[in-house]
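The values are calculated or read from the model by the stated rules, or taken from the named source; none is laboratory data. None of the values given here were measured: they were computed from a predicted structure. Note that we place each Cβ from the backbone using ideal geometry, even for glycine, and neighbour counts take in every protein chain shown.
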Amino acid sequence: MDPRDVSRWFPYLTGAATAVLLVGLHDVPRAEATEPGPVHASRASARSGAAVFESSCATCHGADGRGAAQSQVGFDVTLPDFSDCSFATREPNSDWSAIIHKGGPVRAFDEKMPAFGEALSDDEIQAVIEHVRTFCADDAWPRGELNFPRAIVTEKAFPEDEVLLSTGSTLEGNVEIAGKLILEKRVGARGQVEAVIPYGVRQRDRETDGRGGWAEGVGDIAFGAKYVLFDSLASQSILSLAGEAILPTGDESDGYGKDTVIFEPFVAYGQGLGSLGFVQLQAGTELPTKYANASNEGYGRLVLGRTFTTGRFGGDLSPMIELVAAGELDNMAAFDWDCVPELQITLSRRGHVRANVGVSLPVTGASERPTELLGYLLWDWFDGGLDEGW
Ligand code: HEC
């Protein structure tokens with residue numbers, strides 16, 4: 001593709017994406033809010049969450065929310081422990097609401113978890129969820145509502161138990177495929193550690209590299225840690241501080257390594273905008289220990305997006321647009337800017353396997369940097385095995 005084409009349709013594309021997002025962000029009432037509850041259970045008859053739990057849930061889930069004994073319930077499906085904050089806090093109310101309305105199978109859980117959509121009003125279900133929330137008494141754990149959809153380039157603030165395989169391919173010039181395998185593990189209420197293994201396959205350029213043919217390799221492996229500094233469900237915001245050490249493990253002769261240790265501190269911020277809209281920001285620097293091999297670099301990344309659900313209790317579709325700026329810190333005016341429109345979708349019914357596809361369009365320096373097709377597959381392994389939850 002001629003890079004000039006990109007700059008020609010870039011304004012239309014970003015304009016269209018922004019329009020979609022703004023329409024989405026505008027307070028369109030969700031089905032959740034407008035759909036009338038069953039007539040026989042009006043607001044007037046709503047009971048307290050504790051009373052609903054006692055009469056409809058405690059036989060299986062136990063009065064303390066830890067799950068009644070197997071001998072008592074008469075089945076051997078493991079009951080969740082709602083007092084376990086590590087499990088309970090990461091589930092957003094929307095998922096629990098879907099499960100309570102429609103029963104376990106709506107998120108590929110066991111049918112022993114009955115549907116209460118007919119027996120309880122929407123207000124009672126909301127109230128019982130609030131009651132279930134009281135079983136985890138430790139508010140150090142950030143809530144799953146702050147776990148905004150992951151963009152392709154921008155890292156998020158929420159700590160995860162996730163495996164992510166990302167890949168990107170040039171759409172012009174020599175073929176170059178590059179990606180990362182990222183392994184993330186939560187530590188305690190607010191921490192996360194991760195390992196990043198980059199890989200690439202590239203058509204060698206005959207003019208600059210006499211060898212021709214193909215180069216492939218594993219790049220500089222990185223280890224990182226993240227910590228949530230601030231989170232608030234009320235204000236829908238989360239702020240984290242993170243750092244990575246990028247080690248010179250890659251083969252620099254083929255361009256897959258920088259032959260220096262690089263420290264990369266960054267901050268990540270997520271802000272909900274109501275009606276499932278969100279903004280995410282990340283800013284960081286890359287500081288090499290050997291300056292001859294790499295220079296101090298900096299970047300800023302912005303994501304604007306919104307989640308739409310297919311039907312009232314269905315899967316998620318999250319269109320996002322990222323603006324990414326990066327370059328040498330000494331010369332910030334010359335930063336390269338890219339724009340990445342993208343779409344994240346849930347693949348599994350449980351929502352723990354997701355995919356995202358987008359295009360990276362150079363805004364500045366379009367003649368030096370190619371348009372790229374980007375994407376990832378992610379698996380939140382805490383929520384179930386790869387073969388579960390479909
Ligand atoms: C007949 C037994 C039974 C009753 C009654 C029951 N549940 Fe459940 N519930 C289960 C089982 C079993 C599971 C776990 C299913 C699985 O893991 O596959 C479950 C799972 C859940 C989950 C999903 C937890 C997760 O993994 O994210 C929620 C939320 C829940 N129940 C809430 C309730 C509420 C609220 C009530 C009362 C309105 C209720 N349940 C009544 C058996 C029951």
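Remarks
- Check on Phe109, under 28 Å from Val353 (Cα atoms), near the ligand (Cβ under 9 Å from one of its atoms) and in a loop (DSSP other than H, G, I, E, B): yes
- Candidates Gly365, Gly327, Gly300 - the one that is at pLDDT 95 or above and in contact with a strand residue (DSSP E or B) (Cβ under 6 Å, 6 or more places away or on another chain): Gly300
- Segment 169-196 - residue that is of a type in the set (Val, Ile, Thr) and in contact with a Gly (Cβ under 8 Å, 6 or more places away or on another chain) and, of those, farthest from Lys156 (Cα to Cα): Ile177
- Candidates Gly217, Gly200, Gly224 - the one that is part of a strand (DSSP E or B), under 20 Å from Pro248 (Cβ atoms), in contact with a helix residue (DSSP H, G or I) (Cβ under 8 Å, 6 or more places away or on another chain) and not β-branched (Val, Ile, Thr): Gly217
- Only one entry in Glu155, Glu194, Glu172 is surrounded by 19 or more Cβ atoms within 10 Å (Cβ to Cβ) and in a loop (DSSP other than H, G, I, E, B), namely Glu155.
- Taken over segment 251-263, residues that are at pLDDT 90 or above and surrounded by fewer than 18 Cβ atoms within 10 Å (Cβ to Cβ) amount to 2.
This table checks each residue for (1) more than 23 Å from Ser318 (Cα to Cα); (2) without any contact (Cβ under 8 Å) to a residue 12 or more places away in the chain; (3) in contact with a Phe, Trp or Tyr (Cβ under 8 Å, 6 or more places away or on another chain); (4) not assigned by TED's automatic domain parsing to the domain that holds Tyr227.
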site: Ser240; (1), (2), (3), (4): no, no, yes, no
site: Leu247; (1), (2), (3), (4): yes, no, yes, no
site: Asp251; (1), (2), (3), (4): yes, no, no, no
site: Gly257; (1), (2), (3), (4): yes, no, no, no
site: Val261; (1), (2), (3), (4): yes, no, no, no
site: Pro265; (1), (2), (3), (4): yes, no, no, no
site: Ala268; (1), (2), (3), (4): no, no, no, no
site: Leu276; (1), (2), (3), (4): no, no, yes, no
site: Gln282; (1), (2), (3), (4): no, no, yes, no
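- The sole residue among Val6, Val39, Val77, Val23 that is out of contact with any Gly (no Cβ under 9 Å at 6 or more places or on another chain), at pLDDT below 95, of a type in the set (Val, Ile, Thr) and part of a loop (DSSP other than H, G, I, E, B) is Val39.
- Close pairs (7 angstrom Cβ cut-off, 6 or more residues apart or separate chains): free of Cβ contacts under 8 Å to residues at least 12 places away in the same chain in segment 111-125, more than 7 Å from the ligand (Cβ to nearest atom) anywhere: Glu111/Gly103; Glu111/Pro105; Pro114/Gly103
- Failed condition for Ala88, given (1) farther than 30 Å from Gly179 by Cβ; (2) in contact (Cβ under 8 Å) with a residue 40 or more places away in the chain; (3) away from the ligand (no atom under 11 Å from the Cβ): (3)
- Residues that are within 9 Å of the ligand (Cβ to nearest atom), under 21 Å from Ser55 (Cβ atoms) and touching a residue at least 60 places away in the same chain (Cβ under 8 Å), drawn from segment 91-106: Ser97
- Residue match in segment 263-286 (condition: in contact with a Gly (Cβ under 6 Å, 6 or more places away or on another chain), closer than 22 Å to Gly327 by Cβ and part of a loop (DSSP other than H, G, I, E, B)): no
- Qualifying residue in segment 48-70 (condition: of a type in the set (Ser, Thr, Tyr), out of contact with any helix residue (DSSP H, G or I) (no Cβ under 8 Å at 6 or more places or on another chain) and away from the ligand (no atom under 11 Å from the Cβ)): no
- For Asp122, the criteria (1) within 11 Å of the ligand (Cβ to nearest atom); (2) over 27 Å from Val303 (Cα atoms); (3) of a type in the set (Asp, Glu); (4) surrounded by 19 or more Cβ atoms within 10 Å (Cβ to Cβ) hold in every case but one, which is (1).
- Scanning segment 340-358 for residues that are buried (at least 19 other Cβ atoms within 10 Å of the Cβ) and part of a strand (DSSP E or B) returns Val340, Pro341, Glu342, Gln344, Thr346, Val353, Arg354, Asn356, Gly358.
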